[in-house]
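To keep things clear, I will list the structure first and then write my remarks on it.
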Amino acid sequence: MTNNRNKKNSPEWLLCPVCHNKTRIKIRPDTEFKKFPLFCPKCRMETLINQVPHE
């Protein structure tokens, strides 16, 4: 059996911009955020982020 997961389109965990740990949000390469309130369960900080798709 072959693994059909494409690494290019697979979701990745969004990292906290403060402590650089994983958050509970997964994003795909085509995900867009504008003023998204990202909460980190590790450092318990909320940060507004902007995310543009990277190709």
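Summary table
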{"item": "Among residues of region 8-55, those that are without any contact (Cβ under 8 Å) to a residue 24 or more places away in the chain, of a type in the set (V, I, T) and in a strand (DSSP E or B), counted", "result": "2"}
{"item": "Positions within region 7-31 being touching a Leu at 6+ places or on another chain (Cβ under 8 Å) and not polar (S, T, N, Q), in sequence order", "result": "L14, C16, P17, K22, I25, K26, I27"}
{"item": "Scan of region 22-55 for residues that are closer than 22 Å to N9 by Cβ, of a type in the set (S, T, N, Q) and surrounded by 12 or more Cβ atoms within 10 Å (Cβ to Cβ), ordered by number", "result": "T23, T31, Q51"}
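We did not get these values from a lab; they are worked out from the coordinates using the rules stated. Please read these numbers as outputs of a predicted model, since none were measured by experiment. Here the Cβ is made from the backbone with ideal geometry for all residues, glycine too, and neighbour counts use every protein chain on show.
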